[in-house]
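The structure appears below as structure tokens.
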Amino acid sequence: MKVATHTLGCKLNFAETSNLLRRFTDDGAEIVDFHQTADLYLINTCTVTAVAEKKCRNFIRQAHRQNGSAVIAVVGCFAQNEAQKISQIEGVNIVLGNHDKQRIKDIYDSRIWERNENRCYVSSGFDPTSFDLSYSAGDRTRTFFKIQDGCDYFCTYCAIPFARGRSRSATIAETIKMARQIAATGAREVVLTGINTGTFGKNHGETFFDLVKELDKIEGILRYRISSIEPNLITDDIIDFVSQSRSFLPHFHIPLQSGSDKVLRLMHRRYDTSLYAEKLHRIKSIMPDACIAADIIAGFNGEGEREFDEACRFVEDIPISYLHVFTYSERPNTAALRMDEKVPMNIRRERSRILHTISEKKKMKFYAEHEGTSRPVLWESNHHDGYMMGFTDNYIRVRQPYNEKAINQITDVLLNNESIVCSFEE
């Protein structure tokens, strides 16, 4: 059989998709491109924004057009929160939430949906205690490693706790065991992923810092990146350790969400702008070349002109390298639905545009600061018009003429107009 898949959303989803696909390939299935004809189309979904949900619907329709007799399975966060709505979309046969998606292979083999009147099997039951370690496959150089799931924070704008449940993880010993399996695949770089990564180990009386120290000892893995960590959870101990680490790179993704203290309170975030700025300045004081990314939301409830101006000034003043900008969209079941002072959508989009412009300026400044310097680059296998791509330790994307022998190797590269690719991987 042929299986095609498309993954929406975070790096955690990519790790989980690979885990699901391995159950098919172990049984002899062939993985094909989503644009090809397949027997099963598997769509792993995201519910962070309305845009992500719209993309999911578009991919369902695309799959149904490509092969009207194929099985279409929709799994993940959107499927968890809106299972019945998805089941009504033409062509969908299987809808599984975040717990039951692990059963996709068994459900596909059972053909259980064929016995239902509407020819769709829906299961969105949820076990808040279950956790599956997983990692992405298919890239010889880089792996997304799921080390944590769920979130206890319940920020007022976010539906993820309803889709993923409470924070949980495996033990350090179990996590290290899988990390050694990843090392055996030959991957040189591991990206640690989770919903709220910094709360790793909470259910076992362990800490994320404890895990970081153990991961640094594993031979074969040359690089680690922390995909995202809350500003109140990135401790001085973690920052200091990364600055001297053998393998943890000077690259941080620290969600901001707003540069206004009033809006942060409305969001129920667990820090203020003062703490956020303090963390960034500490990182830069001991790792001046570090790349620091931030998520930010444009147009959340209560963000007036004054608050937006404060946010822009704050972002311009702190040493951020670039932004991931999200236009606020209402999410089902969230506390924000009951809040006043809603921002009109046209204003949200305009503010998003302004923040994107600020991000571009920040990014180009970060590039300019590194021109003429030499940085270690891990080369990837992708081939683009005679060039191969790679990332520096501090996440600058570079290129060089394609050389097969360089794949999965780390070499020092002089950064200039010829080598730098003017975009970050999103």
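The values are calculated or read from the model by the stated rules, or taken from the named source; none is laboratory data. All figures in this text were calculated on a predicted structure; none of them were measured in a lab. Here Cβ is always computed from backbone atoms with ideal geometry, including for glycine, and neighbour counts include all displayed protein chains.
Here's a check for you: in region 386-406, which residue that is assigned to a loop (DSSP other than H, G, I, E, B) and either more than 24 Å from the chain's Cα centre (by Cα) or free of Cβ contacts under 8 Å to residues at least 12 places away in the same chain (or both) is farthest from K363 (Cα to Cα)?
N403
Across region 370-410, which residue is nearest to C291 (Cα to Cα) among those that are among the β-branched types (V, I, T) and out of contact with any Pro (no Cβ under 7 Å at 6 or more places or on another chain)?
Looking at residues that are among the β-branched types (V, I, T) and out of contact with any Pro (no Cβ under 7 Å at 6 or more places or on another chain), I get I396.
With I358, I347 as the choices, which residue is outside the structural domain of N408 (by TED's automatic domain parsing) and either under 30 Å from E82 (Cα atoms) or at pLDDT below 95 (or both)?
Among I358, I347, only I347 is outside the structural domain of N408 (by TED's automatic domain parsing) and either under 30 Å from E82 (Cα atoms) or at pLDDT below 95 (or both).
Looking only at region 256-278, which residues are buried (at least 22 other Cβ atoms within 10 Å of the Cβ) and within 30 Å of G372 (Cα to Cα)?
none
In region 333-359, what residues are among the acidic types (D, E) and without any contact (Cβ under 8 Å) to a residue 24 or more places away in the chain?
Scanning region 333-359 gives a single hit, E350.
Does region 9-41 hold any residues that are surrounded by fewer than 16 Cβ atoms within 10 Å (Cβ to Cβ) and of a type in the set (D, E), and which are they?
Within region 9-41, D26, D27, E30, D33 meet the criteria.
Between residues in region 96-115 that are more than 17 Å from F24 (Cα to Cα) and residues that are among the polar types (S, T, N, Q) and outside any helix (DSSP H, G or I), which pairs lie under 8 Å by C-beta distance while being six or more apart or on different chains?
G97/S123; G97/S124; H99/S130; W113/N93
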